[in-house]
1. Quick one: in segment 1-15, of everything that is within 14 Å of residue 92 (Cα to Cα) and under 17 Å from the mean Cα position of the chain (by Cα), which residue is surrounded by the most Cβ atoms within 10 Å (Cβ to Cβ)?
2. Looking at this structure, is residue 3 closer than 23 Å to residue 102 by Cβ, modelled with pLDDT of 90 or more, of a type in the set (Val, Ile, Thr) and part of a loop (DSSP other than H, G, I, E, B)?
3. Here are the criteria: (1) buried (at least 19 other Cβ atoms within 10 Å of the Cβ); (2) more than 20 Å from residue 37 (Cα to Cα). Tell me which single one residue 83 does not satisfy.
4. Conditions: (1) surrounded by fewer than 13 Cβ atoms within 10 Å (Cβ to Cβ); (2) within 10 Å of the chain's Cα centre (by Cα); (3) modelled with pLDDT of 95 or more. Residue 111 meets all but one. Number of the miss?
5. Being more than 10 Å from the chain's Cα centre (by Cα) and closer than 19 Å to residue 95 by Cβ is the filter; apply it to segment 50-61 and report the residue that is most open to solvent (accessible area, probe 1.4 Å).
6. Where residues in segment 62-80 are under 10 Å from the mean Cα position of the chain (by Cα) and modelled with pLDDT under 95, which of them is surrounded by the fewest Cβ atoms within 10 Å (Cβ to Cβ)?
7. For segment 76-115, enumerate the residues that are assigned to a loop (DSSP other than H, G, I, E, B) and among the acidic types (Asp, Glu).
8. Name, by its number, the condition in (1) in a strand (DSSP E or B); (2) within 17 Å of residue 113 (Cα to Cα) that does not hold for residue 73.
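The values are calculated or read from the model by the stated rules, or taken from the named source; none is laboratory data. Everything quoted here is computed from the prediction, not taken from an experiment. Glycine also receives a Cβ, built like all others from the backbone with ideal geometry; neighbour counts cover every protein chain displayed. Note: accessible area is taken over every heavy atom of the protein model, side chains too, but ligands, DNA and RNA are not part of it. Shrake-Rupley method; radii C 1.70, N 1.55, O 1.52, S 1.80 Å.
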Amino acid sequence: MNVPRIFNESLRTRRRDRAARNFAAHDFIYGEMADEMLDRLDDVALSFSNALVIGCPDRRIARALEARGCAVTCADPGAIWAERSGGDRVSEDALPYAPARFDLILCCGTLDAVNDLPAR
């Protein structure tokens, strides 16, 4: 099935890279989202061993999951944030990972620009 390309990935990447310059001074919304996701994981009775975190301007979520004994792969649509997190630059519409590789996937602030959300 041919999915329409609603969002301009190149423009989105450039905007994320531009935002990376001063992100640390304005990261309070990301911090709240990260804290909320981690807090919700505390309510889940399952344990996870291999996580993918999409939307990684820094390693705070990765560090928290690693402290819980989980191996973490970071990924971000922006090249700068992917590099800073030691992760991969990805498009959520075409993730380069094998199916069922991860038992936990967290997306923090990136699902708003996925072209084919039902397929993901």
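1. Step one: list which residues in segment 1-15 are within 14 Å of residue 92 (Cα to Cα), which gives 3, 5-10, 12-13.
With under 17 Å from the mean Cα position of the chain (by Cα) added as a condition, the list becomes 9, 12-13.
Values: 9: 15, 12: 16, 13: 19.
In this case the residue turns out to be 13.
2. Values: closer than 23 Å to residue 102 by Cβ: yes; modelled with pLDDT of 90 or more: no; of a type in the set (Val, Ile, Thr): yes; part of a loop (DSSP other than H, G, I, E, B): yes.
Taking the combined requirement at face value, the residue does not satisfy it.
3. In the conditions (1) buried (at least 19 other Cβ atoms within 10 Å of the Cβ); (2) more than 20 Å from residue 37 (Cα to Cα), residue 83 misses (1) alone.
4. (3)
5. Result: 50.
6. 77
7. Taking segment 76-115 and keeping what is assigned to a loop (DSSP other than H, G, I, E, B), we get 77-78, 85-87, 90-91, 95-103, 108-110, 114-115.
If the condition is that a residue be assigned to a loop (DSSP other than H, G, I, E, B) and among the acidic types (Asp, Glu), then 103 is the only one that fits.
8. (2)
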